[in-house]
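> Here it is, the structure in full.
The values are calculated or read from the model by the stated rules, or taken from the named source; none is laboratory data. Note that this is a predicted model, so its numbers are computed, not measured. Neighbour counts run over all protein chains shown; Cβ positions are idealised from the backbone, glycine included. Accessible surface is based on the protein model in full, side chains and every heavy atom, while ligands, DNA and RNA are left aside. Shrake-Rupley method; radii C 1.70, N 1.55, O 1.52, S 1.80 Å.
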Amino acid sequence: MYIGDLKQWEREEDNLPDYIKPWLQKLASARLDALPPDRYDLGNGNYLNIDEAVTLPAIRRQTECHRLYADVQILLEGEEIIGWQPLCDLGEMTKDNGAKDAYFYNPPVEKDRKIVMLRKRTFVVFFPSDGHRCLCAPTGGSGAVRKAVLKVKLPAGE
């Protein structure tokens with residue numbers, strides 16, 4: 001997992017895998033706020049979702065992992081907490097949606113490490129070993145969130 005800000009991602013690019021860097025460069029200059037909610041095909045199996053959603057209490061969210069993609073999530077509007085746990089601590093899979101590269105788990109919420117997404121254009125990169133419980137409400141209630149989720153196809157052998 002990697003957390004950063006699109007305003008300064010270049011200062012820390014040595015910490016990122018090479019296959020992620022060109023995508024962050026494109027995202028940093030993109031007018032993501034101008035894009036309507038939709039799925040945008042970016043070629044070679046990569047795509048961008050612009051999502052509008054509602055946060056809920058963490059107990060009502062499941063943890064997910066991916067095997068074929070790295071997830072780059074960028075907050076555009078609102079506030080969100082993302083719970084994180086390593087794949088090795090998630091327990092048994094509760095739902096296999098391999099057709100959409102989504103594998104769900106239900107580990108205890110109290111074991112989540114919390115990633116607070118409050119600043120616009122904050123981003124986090126989740127790799128296949130990162131369980132992430134997205135769209136959790138910071139206040140325990142609910143709230144509107146707009147985010148961009150870039151799905152970067154992993155290079156062979158990753």
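> Count neighbours as other Cβ atoms within 10 Å of each site's Cβ, and list the trypsin sites (Lys or Arg not before Pro) in segment 1-62 that are DSSP loop with at most 10 such neighbours. Spell out each step's value before the answer.
Values: sites: LYS7, ARG11, LYS26, ARG31, ARG39, ARG60, ARG61; in loops: LYS7, ARG31, ARG61.
In loop regions of segment 1-62 (DSSP not H, G, I, E or B), the sparsely surrounded trypsin sites (Lys or Arg not before Pro) are ARG31.
> Follow-up. Could you work out the relative contact order of segment 1-145, using alpha carbon pairs under 8 angstrom and six or more residues apart, expressed as a whole percent?
Contact order relative to length: 35 percent.
> Take the Cβ-Cβ distance between ALA53 and LEU118 as r, set R0 to 22 Å, and report the resulting FRET efficiency rounded to the nearest 0.05. Write down the numbers at each step before the final one.
Numbers: r = 16 Å, r/R0 = 0.73.
In this case the efficiency is close to 0.85.
> Moving to a separate point now. So, in nm, how far is label ASN15 from label LEU42 when the simple model puts each one 7 Å beyond its Cα toward the Cβ?
Between ASN15 and LEU42, the simple spin-label model gives 2.0 nm.
> With a sphere of radius 15 Å drawn around the Cβ of LEU24, what net charge do the other residues whose Cβ falls strictly inside it have (Lys, Arg +1; Asp, Glu -1)?
Cβ neighbours under 15 Å give a net charge of -1.
> Taking the chain as a Gaussian network, where each spring joins two C-alpha atoms under 10 Å apart, which residue of SER29, SER129, SER142 fluctuates the most?
SER29
> Now for a different question. Cα gyration tensor of segment 98-152, axes a ≥ b ≥ c as square roots of the eigenvalues: rounded (a/c below 1.5), prolate (a/b > b/c) or oblate?
The shape class here is oblate.
> Ignoring ligands, DNA and RNA, what percent of the 1.4 Å accessible area of the chain is carbon and sulfur?
Answer for the chain: carbon and sulfur cover 48 percent of the accessible area.
> Oh, and also: I'd like the accessible area for GLU52: 1.4 Å probe, protein heavy atoms, all chains in place, Å² to the nearest 10.
In the full protein context, GLU52 sits at about 120 Å².
> Taking springs between alpha-carbon atoms closer than 10 angstrom, which of PRO22, PRO138, PRO108 fluctuates most in the Gaussian network model of the chain?
Looking only at PRO22, PRO138, PRO108, the biggest GNM fluctuation is shown by PRO22.
> So for the chain, what percent of the C-alpha to C-alpha distances run longer than 24 Å?
30 percent
> Follow-up question, since we're still on this one. Mind checking which lysines have their C-alpha under 30 Å from LYS26, skipping anything on the same chain fewer than 8 residues away?
LYS7, LYS100, LYS114, LYS120, LYS147, LYS151, LYS153
> For segment 1-139, what is the accessible area per residue in Å² when the probe is 1.4 Å?
55 Å²
> Under a crude label model (7 Å from the Cα following the beta-carbon direction), how far is ARG67 from SER29 in nanometres?
It is 3.7 nm.
> When the chain is modelled as a GNM with alpha-carbon springs shorter than 10 Å, which of GLY43, GLY131, GLY98 fluctuates the most?
Looking only at GLY43, GLY131, GLY98, the biggest GNM fluctuation is shown by GLY43.
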